[in-house]
1. When the range 165-196 is examined, which residues are found to be outside any helix (DSSP H, G or I) and touching a helix residue (DSSP H, G or I) at 6+ places or on another chain (Cβ under 8 Å)?
2. Consider Pro165 against the criteria (1) at pLDDT 95 or above; (2) touching a Phe, Trp or Tyr at 6+ places or on another chain (Cβ under 6 Å): it satisfies all of them except one. Which criterion is unmet?
3. Of all residues in the range 118-164 being β-branched (Val, Ile, Thr) and not in a helix (DSSP H, G or I), which is surrounded by the most Cβ atoms within 10 Å (Cβ to Cβ)?
4. Could you list, in sequence order, the residues of the range 86-107 that are out of contact with any Asp or Glu (no Cβ under 7 Å at 6 or more places or on another chain), at pLDDT below 90 and not in a helix (DSSP H, G or I)?
5. Please find, within the range 109-154, the residue that is farthest from Thr32 (Cα to Cα) out of those that are in contact with a Phe, Trp or Tyr (Cβ under 8 Å, 6 or more places away or on another chain) and of a type in the set (S, T, N, Q).
6. Go through the range 168-194 residue by residue and tally those that are in contact with a strand residue (DSSP E or B) (Cβ under 6 Å, 6 or more places away or on another chain) and either among the polar types (S, T, N, Q) or on the phi > 0 side of the Ramachandran plot (or both).
Amino acid sequence: MDSATSDRAALSATADNGLKIVVVGGFGVGKTTMVRSVSEIRPLNTEETMTRAGEAVDHLDGIQAKSSTTVAFDFGRITLDARSVLYLFGAPGQERFWFLWDRLFSGTLGAVVLVDTRRLADSWYAIDRLEHHGTPFIVACNDFGGPLHSEQQIREALDLSEDVPLVECDARDRSSSKYVLITLVEHLAALSAARLHAPEAALAAAGPTPEPAP
């Protein structure tokens, strides 16, 4: 962690707009790694060493080499411009910590669903909870060197509509993680613009207002 963040100075508290973003997904998909790689401050991590006691409840299929896990949340920050910053919250992935998610989603502007294409089913719960809360999200496929899937195959497996952005990334790479966040912010901006123009579009579709009878 130190090698990834030691060259990043703490930012001055000048931002007027703090935008809360959550990074969610299954166990071991790279949420902590993404927050670490992209944060401009030393990220807050709540990782603990995994023990034998957790083997009965944590499913390690495909990630047997994992030795630590997030037990609360990760936190980082990245600047959008002189007055706006993103506050990043990485959610824990194990099922036994899912009760924390609803609290993390409170006040959230949008979310990144990080997925491992070798274990797509692990992402269903995250997508379900975001849709339940009405939280806009994008999906980012983290590169674990697994089998390649087409975009359509991934959309069908996750039951994603065409209006949900789907991107590839390497959570270890800062520029790749920044691209994911930029994609999310652009998606949120497009949704906001669409809501603002919805009344105008409805009026236009209704046609001209009839003239009152003399």
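The values are calculated or read from the model by the stated rules, or taken from the named source; none is laboratory data. No experiment lies behind these values; they were computed from the predicted model shown. Note: ideal-geometry Cβ built from the backbone for every residue, glycine included; neighbour counts use all protein chains shown.
1. Selection gives Pro165, Leu166, Val167, Cys169, Asp170, Ala171, Arg172, Asp173.
2. Here Pro165 meets the rest and fails (2).
3. The extreme case among them is Val139.
4. Scanning the range 86-107 gives Ala91, Pro92, Gly93, Ser106, Gly107.
5. The qualifying residue farthest from Thr32 (Cα to Cα) is Thr135.
6. Going residue by residue through the range 168-194, those that are in contact with a strand residue (DSSP E or B) (Cβ under 6 Å, 6 or more places away or on another chain) are 168-169, 171, 176, 180, 183-184, 187-188.
Narrowing the set further to residues that are either among the polar types (S, T, N, Q) or on the phi > 0 side of the Ramachandran plot (or both) leaves 176, 183.
Result for the range 168-194: 2.
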